Structure formats: structure tokens, C-alpha cells
Amino acid sequence: MNAPEHFPFSVRPLPYPANSLSPWLDARTLKIHHDGHYTAYVKKLNDILKNYPQYQNLPLEALILKQAFLPPEIRTDIKINAGGAFNHQLYFSSIIHPSKGKITCSFEKIVCDNFGSMQNLINNLKEAAKAVFGSGYAYLASDMSGKMHIIMLKNQETPIEQRLNPLLPIDMWEHAYYLQFQYHRDRYINNFCKVINWKEVEKNYYS
């Protein structure tokens, strides 16, 4: 297993060509989302930490978990930017062309044990995403027993703060969809659910 990443954090490249998810998610939106918004969170996080060497050996997950112990003057900025970097890393790795991200039989059984069927999971995810008010995420996560949960989070909160294992985020910030879908959030949500990388979700479940 690779050592956890720490300061200076790097922007992970898209794990696929930006145009490979079209027509579900278009290349222009993906590139702006990745090269603009995600990159900005990583840059701001590094800018903060360069003046605090005592925290430079902490990976993203530890920075998120240890927010309460950080100096007050950087606590909020670390929460926003570490959370933003983490959520975006997971978001971009959680989608792929539908032909490459199909769920395995063994993991589908786990999903069905939790939600009754794959369709129930998808329906519940869609409803949670539609219910996110303003900026935030609908997240599939699991607890220490392996039970799956669907939660809604504001801004750049993460399931880590609730001691849950993050599996799959649906980014409901406007920058994730507005260029392509404008105010038609339901179309974005439907298209997102068609390009979920279930192999990555399964890997996250067992991590």
C-alpha cells in the first residue's frame, strides 16, 4: 500500500480523457471542474500549510479529523480546503465510462443486502441529491460494521467527520453541472448515476 499523501498535496489528474464521459457529462464541465475548482482547493490548502510545518506530515483524512485541534486562525480554511480536495479526488475517481465501471456480482449482493436492490440504492441516491439545498453532496458511505448509509452534507463536509467510510459522492455544487445542464439538476443526477465507477466504489468499501 502506498504511503498516505501529505503536504505538498498534488492535484491528481483525471483518470480518463475529459471527453470520455460524453454525452452524460461533457468535457468542458469536467475540465473546468477539475482544472479550476478542484485545483484551487489543493493550492489553497498548500498555501495554508506552508506556514505550519507541524501539520505538514498529516494526510487529508487526518487534517479533516483533527480540525478541532488546529489553530483557530486556520481551522475553517483547513476544513473547507482539505474537505474540498478530498471530496473532489473521490468524485473524479468515482465516475467512468459505463462500459468500464460495471458492478461485480459479489458487491451487488452487498448493495442488495443493504438496500433491497440496486435500483433502490440508485433511487435513494437520486432523491438525496435532489434534496441537497444549495452547495453540498449526496454521499454513499459505510460504517464500521459495513452497513451502508446515504447522507447529505453541506459545503465541503465529508463523511469522515461522522466516522463513516466515504464510498461515492454526488457533487451538487453548481459548478459540477451548471454549464451543461443549467438549472436541470435532475438531468445531471440521472446522467451521473449512469457513469458511476462501481469497481472504485467497491474498492472504497473495502479500504
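Count of the stretch 19-59 residues, restricted to those that are closer than 30 Å to TYR188 by Cα and either at pLDDT below 95 or not in a helix (DSSP H, G or I) (or both), is 5. Listed by position, the helices (runs of 4 or more DSSP H) contained in the stretch 157-207 that have at least 2 residues being surrounded by fewer than 19 Cβ atoms within 10 Å (Cβ to Cβ), of a type in the set (Lys, Arg) and in contact (Cβ under 8 Å) with a residue 12 or more places away in the chain are 185-194. Hey, among the residues in the stretch 104-136 that are among the aromatic types (Phe, Trp, Tyr) and in contact with a helix residue (DSSP H, G or I) (Cβ under 6 Å, 6 or more places away or on another chain), which one's farthest from ILE150 (Cα to Cα)? Per the criteria, the residue is PHE107. When the stretch 10-40 is filtered for residues that are exposed (fewer than 13 other Cβ atoms within 10 Å of the Cβ) and within 22 Å of GLY136 (Cβ to Cβ), only GLY36 remains. The residues of the stretch 62-106 that are β-branched (Val, Ile, Thr) and closer than 18 Å to PRO17 by Cβ, listed by number, are ILE95, ILE96. Checking SER135, SER145 one by one, the residue that is surrounded by fewer than 11 Cβ atoms within 10 Å (Cβ to Cβ) and either touching a strand residue (DSSP E or B) at 6+ places or on another chain (Cβ under 6 Å) or among the small types (Gly, Ala, Ser) (or both) is SER145 and no other.
Somewhere in the stretch 111-124, is a residue touching a residue at least 40 places away in the same chain (Cβ under 8 Å) and either within 27 Å of HIS37 (Cβ to Cβ) or surrounded by fewer than 14 Cβ atoms within 10 Å (Cβ to Cβ) (or both)? Yes: the stretch 111-124 contains one or more residues that are touching a residue at least 40 places away in the same chain (Cβ under 8 Å) and either within 27 Å of HIS37 (Cβ to Cβ) or surrounded by fewer than 14 Cβ atoms within 10 Å (Cβ to Cβ) (or both).
Among the residues of the stretch 51-104, those that are surrounded by 15 or more Cβ atoms within 10 Å (Cβ to Cβ), among the β-branched types (Val, Ile, Thr) and within 30 Å of TRP24 (Cα to Cα) comprise ILE80, ILE95, ILE96, ILE103.
The values are calculated or read from the model by the stated rules, or taken from the named source; none is laboratory data. It should be emphasised that the depicted structure is a prediction, and the values quoted were computed from it without experimental measurement. Positions of Cβ are generated from backbone atoms using ideal geometry, with glycine treated the same way; all protein chains shown enter the neighbour counts.
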